[in-house]
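Have a look at the structure below, then the notes.
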Amino acid sequence: MLICCIFGFLPLIGLLRKEKPDIVIACLLTIPALTAMIVSRQKILRIVSIQGYPQFLGVDGSIAPLWKKTENSIRKFLWNLIFPFADLVLTMTDRTRRELIKNTKLEPNKVYVVENPVINDHVLSALTSDSPHRWFHGKESVLLGVGRLTKQKGFDILINAISILRKRSMVVKCLI
């Protein structure tokens, strides 16, 4: 990831200046992305999405090894330096939101919780209603995969499942 940050930083600044996006949502490598948005001097709505619980919030200083304490101190310093330049910070849980507000200089009115979607009664009832999208007008099953292409997301399993379905002569529309 460090290599991506180093070699991608200047090209990202150039891309932001060329494309002039209205909004950028940064995930995963948020500090270099947000820094590039600042340096580009473009008028951009800067949104940072925190997809997990930041390590520097969850490491107990009394039992963490020295290298981890040092890494977390640097990370917290950078967050306090760079994240106030974000227009919005999105977290997945209220706990992360509370801890970020408590342990950083982020303004509470800039930090929002956007939970992962879940399948509940409302979603299930919507499955029986007609969709206006043309993909849903046939009798084919529709599979949708959303996420980054990493092993932990299991797209290899989804692709294998689609292959099995097609070998069984099932018609499946896929969007990954």
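The values are calculated or read from the model by the stated rules, or taken from the named source; none is laboratory data. Since the model is a prediction, treat every value here as computed from it, not as a measurement. Note: ideal-geometry Cβ built from the backbone for every residue, glycine included; neighbour counts use all protein chains shown. These area figures cover heavy atoms from the full protein model, side chains too; ligands, DNA and RNA do not enter into them. Shrake-Rupley method; radii C 1.70, N 1.55, O 1.52, S 1.80 Å.
Quick look at the values:
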{"quantity": "For A26, residues with placed amide H under 5 Å, excluding near neighbours", "calculated": "I47, V48, S49"}
{"quantity": "Label-zone membership for the range 103-119, site I157, 7 angstrom Cα→C-beta point, backbone N under 11 Å", "calculated": "none"}
{"quantity": "List R95, R41, ordered by accessible area with a 1.4 Å probe, largest first", "calculated": "R41, R95"}
{"quantity": "Eligible lysines near K167 by straight Cα distance, threshold 19 Å, same-chain separation 8 or greater", "calculated": "K139"}
